[in-house]
Amino acid sequence: MKQFQKNIRFLFIFLIAFTSNHSWSQVDKAPILTINIVKAAKDSIIIKDFEANIIGKYDSKSGSQIKLYQDTKEGYYRLINGDYWYDFYLTPDFKLEVSYDIENEGVIFKGIGSPENEYLQDKLDLVVEYSGWENWKLDEAAYLSQVDKLNFLLTNLLNQRRPEFTSNLARTEKFFIVFKRIERLCDYEGLHRYMTSDPEFKVSDKFPDIFEYFSYDNPKLLDVPNYIPVVEKYIQSELKTSRKASDSLKDYSQQKIQRIEKLIKNKAIKEILAINIGLNELNRTKALDSVFLSIQKIASKHSRFPEVEKKYSQIQKVAPGKVAPQFTFKDESGALVSLSDFKGKLVYIDIWASWCTPCIKELPHLAEVKKSMEGKNIVFVNISQDNSDENWRAAIQKYKIDGINLISGSGQDPFFDAFDVQGIPRYILIDQEGMIIAPQAMRPSHDGLLEELKSHL
């Protein structure tokens, strides 16, 4: 399997609903999964089920092994090692052995369960091949042709491999392919606008009916990896078509919860949707308390609600008016630079990386903002999450990035954790006394940013 860089992983974050309880204690039977560590990216490996519950954390030193035993249900799981991840499909009847070597093939399978898991890796290769950011620039006809081609290739791959399966994977993957087509159709209009800088673009009347025949409230589909993400897109679509002009003043996350409560009858699906808002949107909502209380009302009994509570408490600590958490990162000369070094100046922070396409698209706008603010009591701090010093320096030169350039070496740092940085680009505004003005500041491309910056000088 190819090693997937974070820019590819940026487009695919599968938030899967698979509600089950797992006990991973060792039993006196052969393991269903043995992972032999040859070379890992980081010192620890996390295995999660596809509702993102942590199954276990393991040592990933070379020569070590991870073994999972038969007391589990059939379904999808994910191995996470630093910035790399691999999906697995397991059943209690598997006898699957995996060699994990990040410097060579990534993962190699043998034993009972190999056909299913080799299929998953080949499927992901196909999806990635047809999912680069440049694809969103295609005109409508070319894009639809590409969607149909990917649909054909995925269907053909599944039909070729399914006779070798000894599990129920073929059923869920059949739905996966259907839902993948819906995802790609749903994303086209917005991402084409973004990539072509054409805010007026709309799909034609000939564009397919995206959600025709889609069952958005069907608990029997909860074991399909991309079912919940498509339900979320359906909710967003419904909200978009039903919004009134006055709704633009209302909090978007709160409106989504209200739409979920109106449309979704199944308790399990409703809980998962609410939990996902809590985990992914609390750091953006302007109605933090009311959104949290709405999630609590719907999903307080869900296994992941404690994570939402923890995130709610964490976000309160970096609300406007709070003291900003400190950072210390290296600059281009190798010197350590801290946030406290800029006390007395307004600080606009851009968290980015060389592999992040949306980050790069914002850079020309950032350059214009910097030019407009020349001579003002403001400093622009660019913090890269690149793990490659070479790539970071090359990007600085290529895109002529001025200001204070720092590198964190990864997306894992207490400063990022404090601000709940789940995706980039991310912008933060801090005042002259080190107090937070905006934990989610406007992007450089936002028409209101200059006025916002000047108002704090």
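The values are calculated or read from the model by the stated rules, or taken from the named source; none is laboratory data. Fair warning: this is a prediction, and the values are worked out from it, not measured in the lab. Counting neighbours? That spans all protein chains shown, and the Cβs are built from the backbone with ideal geometry, glycine included.
Structural remarks
- When the stretch 48-64 is filtered for residues that are assigned to a strand (DSSP E or B) and either surrounded by fewer than 20 Cβ atoms within 10 Å (Cβ to Cβ) or without any contact (Cβ under 8 Å) to a residue 24 or more places away in the chain (or both), the ones remaining, listed by number, are Lys48, Ile54, Ile55, Gly56, Lys57, Tyr58, Asp59.
- Residue in the stretch 313-326 that is in a helix (DSSP H, G or I), touching a residue at least 60 places away in the same chain (Cβ under 8 Å), within 23 Å of the chain's Cα centre (by Cα) and surrounded by 14 or more Cβ atoms within 10 Å (Cβ to Cβ) present: yes
- Taking the stretch 344-457 as the region of interest, the helices (runs of 4 or more DSSP H) fully inside it that hold 3 or more residues being over 25 Å from Ala287 (Cβ atoms) and touching a Ser or Thr at 6+ places or on another chain (Cβ under 7 Å) are 389-399.
- Some residue of the stretch 144-155 being of a type in the set (D, E, K, R) and either surrounded by fewer than 16 Cβ atoms within 10 Å (Cβ to Cβ) or in contact with a Cys (Cβ under 8 Å, 6 or more places away or on another chain) (or both): yes
- Taken over the stretch 297-306, the criterion of being touching a residue at least 12 places away in the same chain (Cβ under 8 Å) and either polar (S, T, N, Q) or part of a helix (DSSP H, G or I) (or both) is satisfied by Ile298, Ala299, Ser303, Phe305.
- Asp386 falls short on exactly one of the conditions (1) farther than 19 Å from Gln314 by Cβ; (2) modelled with pLDDT of 95 or more; (3) charged (D, E, K, R), and that condition is (2).
- Pair list, Cβ < 6 Å and 6+ apart or interchain, from the stretch 407-422 residues that are among the charged types (D, E, K, R) to residues that are part of a loop (DSSP other than H, G, I, E, B) and surrounded by 17 or more Cβ atoms within 10 Å (Cβ to Cβ): Asp420/Asn283
- Residue check, Lys67 in contact with a Pro (Cβ under 6 Å, 6 or more places away or on another chain) and without any contact (Cβ under 8 Å) to a residue 60 or more places away in the chain: yes
- Among (1) modelled with pLDDT of 95 or more; (2) farther than 17 Å from Val147 by Cβ; (3) surrounded by fewer than 18 Cβ atoms within 10 Å (Cβ to Cβ), the one test that Gln236 misses: (1)
- Within the set Lys370, Lys400, the sole residue that is charged (D, E, K, R), touching a Gly at 6+ places or on another chain (Cβ under 8 Å) and within 26 Å of Leu457 (Cβ to Cβ) turns out to be Lys370.
- Residues in the stretch 88-110 that are assigned to a strand (DSSP E or B) and in contact (Cβ under 8 Å) with a residue 60 or more places away in the chain: Tyr89, Lys95, Leu96, Glu97, Val98, Ser99, Tyr100, Asp101, Gly106, Val107.
- Filter result for Asn226 (under 24 Å from Arg171 (Cα atoms), at pLDDT 90 or above and buried (at least 17 other Cβ atoms within 10 Å of the Cβ)): yes
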